[in-house]
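K.L.:
What follows is a single structure, and I will ask about it in a moment.
Here, each number is a calculation from the coordinates, and none is a lab measurement. Keep in mind the model is a prediction, meaning the values are calculated, not measured. For neighbour counting, all protein chains shown are included, and Cβ atoms are generated from backbone atoms with ideal geometry for every residue, glycine included.
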Amino acid sequence: MGFDLIRDSTVGQIVNYLSSGRILPYPDQLSGYVVPRRFLASSDAKDNGEQLSGATTPSELKRESSPVTLAPATGKLEDGKDVHDPFLVDWEENDPDNPQNWSFRKRCFVGFSIALLTFSVYIGSAIYTSCIPGLIVEFDVSLVRATLGLTLYVLAYGIGPMFFTPFQELPLLGRNPVYMTTLFLFVVLQVPIITAKNMNTVLALRFLTGLFGSPALATGGASMGDIFPANPYAIGVWALGAVAGPITGPVIGGFAAQAESWRWPMLELLWIGGFSLVFLCFLLPETYGPTILLRRARRLRTLTGNLELKTATERAGKARTVNGQIYDALVQPLILSIEPVVLFCDIYIGFVSFADAMFYLWFEAFPLVFTDIYHFNEGVEGLPFLGFLVSGTITYAFYCLYIIFHLDPRTARAAADNKELAPEVKLELGLMASISIPTSVLIFGFASKASIPWIVPVIGAALYLPGIYLVFQSVINYLTTAYPNHGAPILAANALFRSAIASVFPLFGRAFFHNLGLGPGSALLAGLAFFLMVVYAVLLKYGHVLRKRSKYAISD
């Protein structure tokens, strides 16, 4: 496993290319490699039904001994193997290079690496909250202006996927080049933030770091799908890892800011991002299947001289230039957004956006409760966020049990009757779980009193995570099922919608709770949550009607 990981990583690919395959070689770059007989035929042989003997291969190349003749009428080789397209470079049976055929141990390691990448960027949002008091003092700015560093970061990682995701869907690039390039910029730009002499520099660079960190947040789920296809458990683990970033940010940054200065949480972010960059450059392999096949096809063309050896994506893309493919990918989210069903989904996504927004709003509410009421110091005030980790772990266990004992048997029964479950079935769990959001807000708001132990609002806040986690999982599963051929642009557009709303809430969070009070303010938020549950229920009931009006969504 170790050799393959290093060879297929970003550094391994560079070393392999510069050494022309002599260092970290693939099997087809070794002198003893046996080229499949069908790949040795030239275009003339394909037309004439016979193999040419002058295929250009290295002198040390081993060939299978018996000659092979292609029968054009039947598309079969002389040995009886059915080959509809003998020059198509595709996965072989039990192909070890296919990410879905990797060992379970290797896939788990790669899944951990993807989660680490996501965590390293996502923690950058919440860790900044520990810097706000220090920024206010050093640069003499208002609370709202200091909080803009959080707002711009969250907004930017919603904008980024609209531009970066299309590039990661191109076989020419794949996942890793975009991941590593943007992560490198993300890490480098932490340095001028740490050394900033004014607030404008901090704000501008916070936006850029959020922008360059966005591929990990937007495409991490797709990378998990590359190695664990149609596996909700793997996506669930990745989502839980993503949630751990904002949760642990205040804990990690709070003690550093208290002991040193506002620059130290940003220095910690530099360390975390720098470690991830080095680790992933050496140990994160490419997971995008079309990219892996394209690289194989290039090597085989060089080895055999047969320029007709191409992948399915190369042949499908003959009529479309790379620029055309990028253009289509960039505008597709906008085109899909005007579909009636997608417009209604955006209203529904507002529910998730509202949940995200409240999560960031709590970054402002927690200091009011645990510092002003319970008198926690700057470091300890972040510890209540750990309650989310506990409830998140329990929620994930429940989610797995729900799939094993309810959703999977239900899907199997439908398959036995030659039917498929409607995509709206994926929304049922989210509707049931969404009740925990207003319940959590009410407990947190009205239990935050000096006469009530601090553990009560911590428990109340922790009840919030089951709602947001299960609603988010329901949204992702529903949209990817309803739009199986347009999942990436749909999710990119909705990520922008969600982040745009979530980024605004921290700006008025402190004033909101100060002016209304924790109890009344929480009651208002709970009321909005109950109202938006109605939107959720309407989509659950009438989603199939809206899907029939869309030319992109599947219909029953």
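K.L.:
If you rank Arg37, Arg298 by fewest surrounding Cβ atoms within 10 Å, what's the result? Walk me through the intermediate numbers first.
P.N.:
On the way: Arg37 21, Arg298 15.
Ranked by crowding around the Cβ, least crowded first: Arg298, Arg37.
K.L.:
Pull out a ≥ b ≥ c, the square roots of the eigenvalues of the alpha-carbon gyration tensor of the range 106-197, then state rounded if a/c is under 1.5, prolate if not and a/b is larger than b/c, and oblate in the remaining case. Intermediate values should be presented prior to the final figure.
P.N.:
Working: a/c = 2.55, a/b = 2.09, b/c = 1.22.
Since a/c reaches 1.5 and a/b is larger than b/c, the shape of the range 106-197 is classed as prolate.
K.L.:
Which of the peptides 163-174, 526-537 is most tightly packed, and how do the rest follow, going by the mean number of other Cβ atoms within 10 Å of each residue?
P.N.:
Details: 163-174: 20.2, 526-537: 16.2.
Ranked from most to least packed, the peptides come out as 163-174, 526-537.
K.L.:
Then there is this: By the gyration tensor of its Cα atoms, with a ≥ b ≥ c the square roots of the eigenvalues, what is the shape of the range 202-288: rounded for a/c under 1.5, prolate for a/b over b/c, or oblate? All intermediate terms of the calculation are to be shown ahead of the outcome.
P.N.:
On the way: a/c = 2.22, a/b = 1.86, b/c = 1.20.
Note, shape of the range 202-288 comes out prolate.
K.L.:
Could you please report the charge total around Pro215, scoring K, R as +1 and D, E as -1 over all other residues with beta-carbon less than 13 angstrom from its beta-carbon? Intermediate results must be reported in sequence, preceding the final value.
P.N.:
On the way: positive: Arg175; negative: Glu169.
Here the charged neighbours net out to 0.
K.L.:
Determine the alpha carbon to alpha carbon distance for each of Lys106/Lys426; Lys419/Lys551; Lys419/Lys548; Lys419/Lys541; Lys426/Lys449 and list only those over 28 Å.
P.N.:
Cα-Cα > 28 Å for Lys106/Lys426; Lys426/Lys449; rest within.
K.L.:
How charged is the neighbourhood of Asn198? Take every other residue with its Cβ under 15 Å from the Cβ of Asn198, and add Lys/Arg as +1 and Asp/Glu as -1.
P.N.:
Values: positive: Arg145, Lys197, Arg206, Arg263; negative: Glu138, Asp140.
Counting the neighbours of Asn198, the net charge comes to +2.
K.L.:
Give me Cys131, Cys400, Cys281 ranked fewest to most by other Cβ atoms within 10 Å of their Cβ, as a rough exposure proxy. The partial results should precede the final answer.
P.N.:
On the way: Cys131 26, Cys400 14, Cys281 18.
With the sparsest Cβ surroundings first, the list reads Cys400, Cys281, Cys131.
K.L.:
In addition: Please list 3J(HN,Hα) in residue order for the range 247-259, calculated via the Karplus relation 6.51 cos²θ - 1.76 cosθ + 1.60 where θ = phi - 60°; whole Hz, with x for glycine and proline.
P.N.:
These are the phi-based 3J(HN,Hα) values: 6, 7, x, x, 5, 5, x, x, 5, 5, 5, 5, 7 Hz.
K.L.:
Full extension from Phe163 to Phe275: what is 0.36 nm times the residue separation minus their Cα-Cα distance, to one decimal in nm? The partial results should precede the final answer.
P.N.:
Details: separation 112, 0.36 × 112 = 40.32 nm, distance 2.58 nm.
This chain segment gains 37.7 nm when fully extended.
K.L.:
Around Phe376, which amide H atoms from residues at least 5 apart in sequence, or from another chain, sit under 5 Å from its own amide H, with H modelled in the peptide plane?
P.N.:
Amide H neighbours of Phe376: Thr371.
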